[in-house]
Amino acid sequence: MASAAALLLFGIVAIAGTLASPNAEAQNPSAPMRLWEGDAPGSHGNGPADIPTITLYRPAAEKANGAAVVVCPGGGYGGLADHEGKPIAEWLNSVGVTAFVLKYRLGSAGYRHPVEIGDAQRAIRTVRARANEWSIDPHRIGIIGFSAGGHLASSTATHFDDGNASATDAVDKVSCRPDLAILCYPVITMTDPFTHAGSRANLLGTTPSRELVEFMSSEKQVTPKTPPCFLLQTSDDAVVPMENALMFALACHKAGVPCELHMYEHGPHGIGLGGNDPIWSTWPKLCAAWMDKRGFFKKP
């Protein structure tokens with residue numbers, strides 16, 4: 001089990017300046033929207049911890065390019081880090097992307113797999129099903145995740161379906177496959193010795209089967225159908241070992257999946273947008289350039 005100090009790094013920010021908004025022009029966020037009209041599947045109750053939501057952040061009208069990204073904050077599957085939610089959405093708005101910050105259910109509230117991935121898949125489906133309403137191209141919907149949220153994003157990028165054409169719920173009729181994935185200092189594997197033990201325990205319980213551990217180790221689930229991926233990590237991350245990002249990037253390479261990996265020499269875990277660090281703060285620009293090169297910003 002990870003130390004209390006390590007888990008704390010998932011839920012709070014210790015980097016000054018990380019919370020600064022990069023886009024003062026962004027419109028105010030929407031009120032959180034429930035992913036299901038009634039109780040979410042597997043719900044334990046009706047409290048805030050039992051209701052998964054998305055919060056919409058729109059870019060300024062003159063910047064909007066029709067692309068969208070679902071944002072998955074980290075927190076060890078035990079919390080949701082604020083600095084990996086709203087500030088990320090505002091950065092995406094600054095490059096013309098509509099953002100949806102996902103509040104997914106957590107192990108700290110008694111939720112285990114497959115609830116978390118079900119919430120993320122539902123978020124992708126919801127954005128796609130309502131794309132016309134929000135002026136979004138349904139073929140340019142990505143996902144970004146940080147730390148344990150990176151595991152959730154990588155899981156969504158490796159476990160997806162085309163939807164159920166016979167479903168009575170219109171949202172369930174559409175695909176939950178993201179068109180690209182951005183994985184920031186991500187938890188990837190559930191296997192020892194490189195997993196983050198706290199995330200694994202919160203997601204899978206303390207005694208998961210070997211089959212479940214393998215199934216939820218994203219580096220083992222990459223196929224040629226996995227969407228293009230952008231990864232960033234530091235080689236001296238003391239919370240999530242760099243091997244996580246390396247294993248996933250290698251799996252993408254072997255499967256022929258387009259993948260870009262940025263491995264910084266130094267940097268603490270959970271740095272978000274980079275704050276005032278002159279090195280770490282370069283990644284959003286690199287990521288935006290990658291998205292643009294892939295045609296993600298092109299208006300339909």
Simple spin-label estimate for LEU250 and ASN46 in nanometres, 7 Å along Cα-Cβ: 5.1
How do CYS252, CYS287, CYS184 rank when sorted from fewest to most other Cβ atoms within 10 Å of their own Cβ? CYS287, CYS252, CYS184
Projected area, mean over directions - the chain, Cα convex hull, nm²: 14.6
In nm, spacing of pseudo-spin labels at ILE279 and GLU265 (7 Å Cα→C-beta vector): 0.6
Quick one: 3J(HN,Hα) in Hz for region 187-199, Karplus 6.51/-1.76/1.60 with θ = phi - 60°, rounded, Gly and Pro as x. 6, 10, 8, 9, 9, 6, x, 9, 5, 9, 4, x, 5
Hz values of 3J(HN,Hα) by residue in region 69-76 - Karplus curve (6.51, -1.76, 1.60), Gly and Pro given as x: 9, 8, 9, 10, x, x, x, x
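Only four residue types carry charge here, +1 at the Cβ of Lys and Arg and -1 at the Cβ of Asp and Glu. Report the dipole size of the chain about the Cα centre in Debye, rounded to the nearest 20.
Roughly 580 debye for the chain.
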With point charges of +1 on the Cβ of Lys and Arg and -1 on the Cβ of Asp and Glu, referenced to the Cα centre of region 208-297, which listed residue (THR234, ASN276, PHE215) lies farthest in the positive direction of the dipole? PHE215
Mind listing the long-range amide H neighbours of HIS262? Cut-off is under 5 Å, sequence gap 5 or more, other chains count too, H placed in the peptide plane at 1.01 Å from N. LEU231, LEU232, GLN233
When THR191, THR156 are ranked with the fewest other C-beta atoms within 10 Å first, the list becomes THR191, THR156
In whole Hz, with x marking every Gly and Pro, tabulate ³J(HN,Hα) for region 160-165 from phi via Karplus 6.51 cos²θ - 1.76 cosθ + 1.60, θ = phi - 60°. 7, 9, 8, x, 10, 4
Just from its helices, what would the mean residue ellipticity at 222 nm be for the chain, if runs of 4 or more DSSP H residues each count -39500 (n - 2.57) and the sum is divided by every residue, rounded to the nearest 500 deg cm²/dmol? -8000 deg cm²/dmol
Which order results if HIS139, HIS269 are arranged by neighbouring Cβ count within 10 Å, fewest first? HIS139, HIS269
Which number gives the lysine pairs in the chain that have C-alpha atoms under 13 Å apart and are eight or more places apart or on different chains? 6
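Bear in mind these aren't lab numbers, they're just calculated from the coordinates by the rules spelled out. Small disclaimer: the values here were computed from a predicted structure and weren't measured. Cβ atoms come from the backbone with ideal geometry, glycine included; neighbour counts cover every protein chain shown.
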